[in-house]
Amino acid sequence: MSVENLLDFRDVEKCPRLVIKIGSALLIHPDGEPRFEWLRTVAHEISGARERGQEIIVVASGSVALGASMLELPDGGRGTLAHAQAAASVGQVFLASTWAQLLAEYNLKAGQMLLTLDDLEGRSRYLNARNTLRELLERGAIPIINENDTIATNEIRFGDNDRLAARVAQVAGANGILLLTDVDGLYDKHPEEPDAQMLSEVRGVTEEIHDMATGGSGSGIGSGGMTSKLLAAEIAERAGIALAIIKGKDDYPIGRAISADTGTLFLPKRDDNAFKNWIGGRLRFSGSIRIDDGALKALQNGKSLLAAGITGVFGDFERGDVIAIEDAQGRMIAKGMIEYDKEDCVKIRGLRSDQVARRLGHVPRSAVIHRDQMVML
């Protein structure tokens, strides 16, 4: 069984493990003060989910905004990297203690995890994060997760907690993700336009769906927007995880949205195995390979990538790195673990298998990127 509608997010059989993402605009008033009473209603909903037998993970933004208010920093603490990191350092302590206090009112324990992009891009650290999450859940704790803004730079940032939530759901083997936001769901145009229509269900995020999104945070407090939520939905749909965007401003937001059946549900397209989930969720690459139309068709038919179809090699990568695969127009169409380093890829691009052996002087590997180590987008 799997999630098929919003009500299923409360079904312990269809959604035994749920990730709830809460953005800064919901956690914090415009003046920088936390919305304590609203948070208490969310803690009550988490308690109800635990009583039903669901395991809950919370991805919570707000540390920078909280810390900026406490340190009286301009521009919400995001004027400079130093300001943002200092604000996060102070805000994270306050945020963690707030969650611990509120959950304790329902006899629940909170466990904090601060992650950077590198923690989930490297395979060994990814597995370490998975083991920690699973242990916390088995012990009945509620993991409270945020990006580690105290040390994250532009090079190692998720940049928004929507994609972080999707990656955490992958790591944890979750069945569903609820993105609480300040709008009802995804609209076919800007929600303020009078003829805007909300989509109740999306089966596959397409270019047309992306065109409906508006970038940036409407509140000006957070770092995400509808575009980041669609990117999160793409990660989730490849991992077999249902994701919903629901309005979170009101008290008891999850129960209100689900009972009223209002929000946008993104249904998964497939369910990759754990290793492919890790590859499919990768956000950063050390290089890429460009292929011709014949190779593209072969990949779409489930074949591995051979040297003959390669037309370009970019970046600096080694064997075992996960790289991007681009079509003839330079659009990323897949991600995969490469079997050759960059230098050898340059030598063998465009060659048939028998020519590869002569060029390298040894028996070549069966493929440049094997289909079992590749994820089509």
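None of the figures in this text is laboratory data; all of them are computed from the coordinates on show. Every value quoted in this text rests on a predicted model; they were computed, and no experiment measured them. Because the Cβ atoms are built from the backbone with ideal geometry, glycine has one as well, and the counts that use them run over all protein chains shown.
Between Leu71 and Gln197, the C-beta separation translates, for a Förster distance of 56 Å, into a calculated FRET efficiency of about 0.85. If the chain linking His210 and His29 were pulled fully straight, counting 0.36 nm for each residue of separation and taking away their Cα-Cα distance, it would gain 62.2 nm. Of interest is the spacing of the C-alpha centroids, which for the range 282-320 and the range 321-367 amounts to 7 Å. Per-residue extension of 0.36 nm, minus the Cα-Cα distance of Tyr252 and Phe36, leaves a gain of 76.5 nm for this segment. With each label modelled as a point 7 angstrom along the Cα→C-beta vector, the Lys269-Ser124 pair spans 3.4 nm. The calculated FRET efficiency for His44 paired with Glu138, based on their beta-carbon distance and R0 = 35 Å, is about 0.90. Computed over neighbours whose Cβ is under 15 Å from that of Glu138, the net charge equals +4, Lys and Arg +1, Asp and Glu -1. The C-alpha atoms of the chain define a longest principal axis, and helix 226-238 lies at about 60 degrees to it.
Based on the Kirkwood radius over alpha-carbon pairs, what value in µm²/s does the Stokes-Einstein equation return for the translational diffusion coefficient of the range 220-302 at 20 °C and 1.002 mPa s? Mind dumping the intermediate values first?
Working: Rh = 15.7 Å.
My calculation gives 136 µm²/s for D.
Would you kindly calculate the mean projected area, averaged across all directions, of the convex hull enclosing the Cα atoms of the range 254-377, in square nanometres?
Values: hull surface 37.2 nm².
Approximately 9.3 nm², given one-decimal rounding.
Within the shell of other residues whose beta carbon sits under 11 angstrom from the beta carbon of Leu7, the net charge comes to -2, with Lys and Arg scored +1 and Asp and Glu -1.
Over 23 Å between C-alpha atoms is what I'm after, so list which of Lys189/Lys297; Lys229/Lys342; Lys247/Lys276; Lys276/Lys303; Lys297/Lys335 land there. Let's see the in-between values first.
Working: Lys189/Lys297 34 Å; Lys229/Lys342 34 Å; Lys247/Lys276 32 Å; Lys276/Lys303 15 Å; Lys297/Lys335 15 Å.
In this structure, Lys189/Lys297; Lys229/Lys342; Lys247/Lys276 lie more than 23 Å apart at Cα.
Here is the P(r) of the chain: all C-alpha pair distances, binned every 10 Å from 0, give 5, 23, 30, 23, 12, 5, 1, 0 in whole percents. Identify, among Ala129, Thr41, Gly91, the residue whose Cα sits farthest towards the positive end of the charge dipole of the chain, taking +1 on the Cβ of Lys and Arg and -1 on the Cβ of Asp and Glu, with the dipole about the Cα centre. Checked the options; the winner is Ala129. With the highest mean first, a sort of the peptides 233-242, 342-351, 23-32 on other beta-carbon atoms found within 10 angstrom per residue produces 233-242, 23-32, 342-351.
If R0 equals 41 Å, the separation of the Cβ atoms of Gln355 and Ser2 corresponds to a calculated FRET efficiency of about 0.35. Our estimate of slack between Glu51 and Glu13, defined as 0.36 nm per intervening residue step minus the Cα-Cα distance, is 12.3 nm. Between Glu105 and His370, the distance separating the two model label sites (each 7 Å from Cα on the Cα→Cβ line) works out to 5.4 nm.
Quick one: putting +1 on the C-beta of Lys and Arg, -1 on the C-beta of Asp and Glu, what dipole do you get for the chain around its Cα centre, in Debye to the nearest 20? Don't jump to the answer; show the numbers that get you there.
Values: 44 positive and 53 negative charges, 304 e Å.
That gives the chain a dipole magnitude of about 1460 debye.
Label-to-label distance, Asp292 versus Ala260, with points set 7 angstrom from Cα along the beta-carbon direction: 5.7 nm.
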